[in-house]
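S.K.: I have a structure I would like to understand better, so I am pasting it below and will then ask my questions one at a time.
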Amino acid sequence: TRSTRPQRLLKAVQKNATRGDPQSVISAIDHFCRHSEWAMNIGDEKVVNELNPEKVLELGTYCGYSTVRIARLLPPGARLITLEFNGDYAAIARQVIAWAGLEDKVQLVEGASEDWIPRMKEHFGIETFDLVFLDHWKDRYLPDTKLMEDCGLLRKGTVLLADNVICPGVPDYLQYVRNSLSYKSCYFKSHLEYTKAEDGLEKSVFLG
Ligand SMILES: O=c1[nH]cnc2c(O)c(F)c(-c3ccc(F)cc3)cc12
Ligand SMILES: [Mg+2]
């Protein structure tokens, strides 16, 4: 049977990227998405880099592209936990993260965000996160944000970074973080990965 797009993306990484070199993995995926097949990676234009997080939560791994983008910048001892609901995506992402040599900084968990967010303390020993990257199902951004608040996983200064706030769009989440007194929110206009369509990132700082 025909291979899947994630499988073809992984083959492109194994063919064109150097083991242990995260930047070459990122470049190989960007090249694949620009010249072979579009894929829903955040891409090489939507970037927010002024953060120095120690504890990062990523909601939505897909093939691990943004996982590699974030984890490659983490200092020793810093950790990224990434949740992926789709088992096929998770299997590919594990191999992409391993090819980049970042498995020591990344914990990939397969399952539903609403099941794992309440277990961060007892299962991973994490009290609060410094950065949360939301890039999973658009109708889960708002409920998962409220769940993280209720689980005490956000502290004064925690940054929520949300992809696709314009395309496909997350209107309920945007309305919440832009109107809640508990967040300072701002929009980073960009483009939908590898296209000319508008998209952007919403950066929201939790005020406690
Ligand atoms: O479902 C998604 N989860 C996470 N990220 C996405 C994304 O970055 C997209 F561009 C898109 C996308 C897919 C098809 C389009 F025509 C436009 C955007 C979807 C997702
Ligand atoms: Mg996205």
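The values are calculated or read from the model by the stated rules, or taken from the named source; none is laboratory data. A quick note: this is a predicted structure, and the numbers were derived from the prediction, not measured. Neighbour counts are summed over all protein chains in view; Cβ atoms, including those assigned to glycine, are modelled from backbone coordinates with ideal geometry. For the accessible areas, the whole protein counts, side chains as well, though only heavy atoms, and no ligand, DNA or RNA atoms are used. Shrake-Rupley method; radii C 1.70, N 1.55, O 1.52, S 1.80 Å.
S.K.: Just to confirm a number: summing +1 for Lys and Arg and -1 for Asp and Glu over residues other than Cys151 whose beta-carbon lies under 13 angstrom from that of Cys151, what do you get?
M.R.: Result for the local shell: -3.
S.K.: Return the FRET efficiency for the residue pair Asp21, Asn86: r is the Cβ-Cβ distance, R0 is 35 Å, and the value is rounded to the nearest 0.05.
M.R.: Approximately 0.85, to the nearest 0.05.
S.K.: Projected area of region 42-156, taken from the Cα convex hull and averaged over every viewing direction, in nm²?
M.R.: Quarter of the Cα hull surface area: 7.0 nm².
S.K.: Given charges of +1 on the Cβ of Lys and Arg and -1 on the Cβ of Asp and Glu, with all other atoms neutral, how large is the dipole of the chain about its Cα centre, in debye to the nearest 20?
M.R.: That gives the chain a dipole magnitude of about 420 debye.
S.K.: Suppose every Lys and Arg Cβ carries +1 and every Asp and Glu Cβ carries -1, with no other charges. What dipole size does region 1-87 come out with about its Cα centre, to the nearest 20 debye?
M.R.: 380 debye
S.K.: Translational D (Stokes-Einstein, µm²/s) of region 58-117 at 10 °C and 1.306 mPa s when Rh comes from the Kirkwood sum over C-alpha pairs?
M.R.: For the chosen part, D equals 142 µm²/s.
S.K.: From the alpha carbon gyration tensor of the chain, can you work out the equivalent ellipsoid semi-axes (sqrt of 5 times each eigenvalue) and give them in Å, largest to smallest?
M.R.: Semi-axis lengths for the chain are 26, 20, 15 Å.
S.K.: Here's something else I'd like to know. Choose one of Leu59, His31, Cys186: the residue whose Cα lies farthest towards the positive end of the charge dipole of the chain (beta-carbon charges +1 Lys, Arg; -1 Asp, Glu; about the Cα centre).
M.R.: Result: His31.
S.K.: How far, in degrees from 0 to 90, does helix 141-150 lean away from the longest principal axis of the Cα atoms of the chain, to the nearest 10?
M.R.: 50 degrees
S.K.: List the lysines whose alpha-carbon lies under 20 Å from that of Lys105, not counting same-chain residues fewer than 8 positions away?
M.R.: Lys55, Lys121
S.K.: Please calculate the 1.4 Å probe accessible area of Arg178, with all protein chains present, and give it to the nearest 10 Å².
M.R.: The value for Arg178 is about 120 Å².
S.K.: Taking +1 at the Cβ of each Lys and Arg and -1 at the Cβ of each Asp and Glu, which of Leu73, Gly200, Gly125 sits farthest along the dipole of the chain towards its positive end, judged by Cα position relative to the Cα centre?
M.R.: With unit charges placed on the Cβ atoms, the residue in question is Leu73.
S.K.: Sticking with this one: Ala91: net charge of surrounding residues, Cβ under 12 Å, Lys/Arg +1, Asp/Glu -1, itself excluded?
M.R.: Around Ala91, the surrounding residues sum to -2.
S.K.: How many times 2.2 N^0.38 Å is the alpha carbon radius of gyration of region 99-208?
M.R.: 1.11
S.K.: Given a Förster radius of 25 Å and the C-beta distance between Lys156 and Asp104 as r, what FRET efficiency does 1/(1 + (r/R0)^6) yield to the nearest 0.05?
M.R.: Using R0 = 25 Å, I get an efficiency of 0.30.
S.K.: Express the accessible area of region 5-91 per residue in Å², computed with a 1.4 Å probe while the remaining protein chains stay in the model. The partial results should precede the final answer.
M.R.: Working: 3890 Å² over 87 residues.
Accessible area per residue: 45 Å².
S.K.: Once ligands and nucleic acids are excluded and a 1.4 Å probe is used, how much of Glu198 is accessible, expressed in Å² to the nearest 10?
M.R.: Its accessible surface works out to 80 Å², give or take rounding.
S.K.: Continuing with this model, one more query. Could you give the dipole magnitude of region 86-152 about its Cα centre, charging the beta-carbon of Lys and Arg +1 and that of Asp and Glu -1, in debye to the nearest 20?
M.R.: So the dipole magnitude of region 86-152 works out to roughly 100 debye.
S.K.: State the Cα centre-to-centre distance between region 66-127 and region 8-53 in whole Å.
M.R.: Comparing the Cα centres of region 66-127 and region 8-53, I get a distance of 17 Å.
S.K.: Any idea how far apart Gln175 and Gln14 come out in nm if each label point goes 7 Å out from Cα toward Cβ?
M.R.: Simple spin-label model gives 4.7 nm for this pair.
S.K.: Would you please give the FRET efficiency between Glu149 and Trp38, computed as 1/(1 + (r/R0)^6) with r the Cβ-Cβ distance and R0 = 22 Å, to the nearest 0.05?
M.R.: 0.05
S.K.: From the residues Ala112, Trp99, Leu161, which one has its Cα farthest along the dipole of region 86-208 in the positive direction, the dipole being from +1 and -1 charges on Cβ of Lys/Arg and Asp/Glu about the Cα centre?
M.R.: Going by the charge dipole, the pick is Leu161.
S.K.: Which of the GluC sites (Glu not before Pro) found in region 120-167 are loop residues per DSSP with 16 or fewer other Cβ atoms within 10 Å of their Cβ? Can you show the working numbers first?
M.R.: Numbers: sites: Glu122, Glu127, Glu149; in loops: Glu127.
Sites meeting the loop and neighbour criteria: Glu127.
S.K.: Quick one: net charge of Arg8's neighbours, Cβ under 11 Å, K/R +1, D/E -1?
M.R.: Around Arg8, the charge tally is +3.
S.K.: Out of residues 5 or more away from Val132 or on other chains, whose amide H comes under 5 Å of its own, with H placed 1.01 Å from N in the peptide plane?
M.R.: When sequence neighbours closer than 5 places are left aside, the close amide H contacts are Leu57, Val159, Leu160, Leu161.
S.K.: Which of the aspartates and glutamates could a cross-linker span from Lys146 if the Cα-Cα distance has to be under 13 Å and same-chain partners fewer than 8 positions apart are dropped?
M.R.: Leaving aside aspartates and glutamates fewer than 8 places away in the same chain, those within reach of Lys146 are Glu114, Asp172.
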